[in-house]
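To start, the structure itself, in C-alpha cells.
The values are calculated or read from the model by the stated rules, or taken from the named source; none is laboratory data. Note that the structure is a prediction, hence the values are computed from the model and not measured. Neighbour counts are summed over all protein chains in view; Cβ atoms, including those assigned to glycine, are modelled from backbone coordinates with ideal geometry. For accessibility, only protein heavy atoms count, side chains too; no ligands or nucleic acids. Shrake-Rupley method; radii C 1.70, N 1.55, O 1.52, S 1.80 Å.
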Amino acid sequence: MLPVLVTGGAGFLGSHLIRILLERNYRVIAIDSLWTGSLDSIANIQDHPNFTFLRHDVTLPFTGIINDVSQIYHLACPASPKHFVKNPIDILNKCFQGTKNVLDFAVKCNARVLLASTSEVYGDPLVYPQAESYYGNVNPFGPRSCYDEGKRVAEAMAYAFRLENNLDIRIGRIFNAYVPGMLPSDGRVVPNFISAAIGQKDMQIAGDGNARRCFQYVGDCVLGLYTLMQSSCLSPVNIGCDDEISIANLAQLINDIVSRKTASAPVDVLFTEKSDDDPFRRRPEISMAKEKLQWQPRVGLRDGLEMTVNWFLAFLAAI
Ligand code: NAD
C-alpha cells in the first residue's frame with residue numbers, strides 16, 4: 001500500500017498522529033519545515049522502518065520531493081496564538097499557499113486529504129455550543145484574523161478542490177488540544193500555567209478568568225482525526241471535548257496538581273488586559289462525531305493534566 005503523508009509531522013498533534021499510524025502498520029512520510037516543530041518530538045520514531053522524515057516547507061511546490069501517497073493529513077500550520085501577532089502574513093501564506101500545494105499534490109496522487117481545521121473558524125461565537133452548521137462570528141480585520149480567516153480560506157479551498165477536481169476531502173475542526181511535550185515557551189494556556197506553577201511564578205490570565213474553553217487530551221484528538229480519515233463523512237466534523245471549564249478554574253486545577261506533586265505552594269494568579277477578539281466561550285457540539293465516527297473523548301481533564309504535569313516535571317529534571 002502507498003504511504004500516508006503527514007504535513008506538520010514534527011508538531012504536537014502530527015507527531016502523536018504518526019505514532020498511531022505506525023502502530024496500525026501504515027508507512028508514514030512526515031513533512032515539516034521545523035518552523036515551530038522539532039525533531040525531538042519524533043526522535044523515538046526516527047529509525048522506525050516504516051517512517052521517513054522530509055524537511056520541506058509546504059508553501060513551496062512538492063514536485064520532485066515526494067512520490068505518490070494514499071492519504072494526506074494536512075496539519076502544517078502553527079496553532080499557538082503567540083505567532084498570530086508576530087508572523088501574521090506567514091500564517092496566512094501557510095493557510096492559503098500551503099494548503100493549495102497540498103491539494104494540488106493530492107489531485108496528482110488521487111489521495112484522500114484530511115484538513116486540520118480549527119474551532120477558530122467559529123471566531124467569537126454567538127451560539128453555544130457550536131455545531132458544524134454554525135457559520136461563525138469572525139473578525140476579518142484583527143489580531144487573530146490571519147489564523148481564523150486563514151483556516152476558513154483553507155476550508156473554502158478544500159471545498160473548491162472537491163467541486164473542481166472531485167478530490168476526496170475530510171475536515172476536522174479541532175478544539176483546544178493539550179499535549180505532554182508542549183514546552184513552556186509554546187505560548188498556549190496549559191503549558192503557560194504549568195510552567196508558571198512549577199517555576200513558582202505568577203500565572204497570568206488575560207481577562208477576568210471567566211472565559212470558558214473545553215480542552216481535549218492529544219491522544220483523543222489524534223484518534224478522532226484518524227477515525228474521521230477512515231470515515232465517509234464529507235462535511236466538517238468538530239473534534240473536541242465538551243467538558244467546559246473557566247480559565248480561572250483551569251488555573252486553580254493546575255495549581256492544585258502541581259503543588260501536590262511538588263510539595264510547593266500554589267502560585268498567585270494575575271489578571272491582565274483581555275486580548276482583542278479572544279473568544280469568550282467556546283464549546284463544541286460533538287454529536288456528529290459521536291454518531292458518524294463513533295468517536296468521543298475518553299481522557300478526563302484532571303487525568304490528562306496529571307500526565308502533562310508529569311511530563312513537564314520529568315523534562316525539567318532532565319535539563
Ligand atoms: P504545532 O505548531 O505543534 O505543529 C505545526 C507543525 O507544522 C510544526 O511542526 C511546524 O514546524 C510545521 N509547519 C509550520 N509551517 C510549516 C510549513 N510552511 N511547512 C511545513 N511545516 C510547517 O501545532 P499543533 O498543535 O500540532 O497543530 C497542528 C494542526 O492542528 C495545525 O494545523 C493547527 O492549526 C491545528 N489545530 C491545532 C489545535 C491544538 O489545540 N493543538 C487546535 C485547532 C487546530
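State yes or no: is residue 178 within 14 Å of the ligand (Cβ to nearest atom) and open to solvent by 10 Å² or more (accessible area, probe 1.4 Å)? Here the answer is no, as residue 178 does not meet what is asked.
For the range 1-34, a residue qualifies if it is within 16 Å of the ligand (Cβ to nearest atom) and not aliphatic (A, V, I, L, M), and the qualifying residues are 7, 8, 9, 11, 12, 14, 15, 16, 19, 32, 33. In summary, residue 139 fulfils each of the numbered conditions (1) buried (at least 19 other Cβ atoms within 10 Å of the Cβ); (2) touching a Ser or Thr at 6+ places or on another chain (Cβ under 7 Å) with the single exception of condition (1). One residue stands out among those in the range 83-105 that are closer than 20 Å to residue 188 by Cα and open to solvent by 70 Å² or more (accessible area, probe 1.4 Å): the one that is farthest from the ligand (Cβ to nearest atom), which is 85.
Yes/no matrix, rows are residues, columns are (1) within 29 Å of residue 65 (Cβ to Cβ); (2) out of contact with any strand residue (DSSP E or B) (no Cβ under 8 Å at 6 or more places or on another chain); (3) touching a residue at least 24 places away in the same chain (Cβ under 8 Å):
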| residue | (1), (2), (3) |
| --- | --- |
| 115 | yes, no, yes |
| 129 | no, no, yes |
| 138 | no, no, no |
| 163 | yes, yes, no |
| 167 | yes, no, yes |
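Scanning the range 73-100 for residues that are at pLDDT 95 or above and under 16 Å from the mean Cα position of the chain (by Cα) gives 73, 74, 75, 76, 77, 91, 94, 95, 99.
For the range 140-156, a residue qualifies if it is assigned to a helix (DSSP H, G or I) and more than 11 Å from the ligand (Cβ to nearest atom), and the qualifying residues are 145, 146, 149, 152, 153, 155, 156. Taking the range 168-194 as the search range and keeping residues that are among the small types (Gly, Ala, Ser) and modelled with pLDDT of 90 or more, which one is nearest to residue 230 (Cα to Cα)? Among those residues, the one meeting the criterion is 172.
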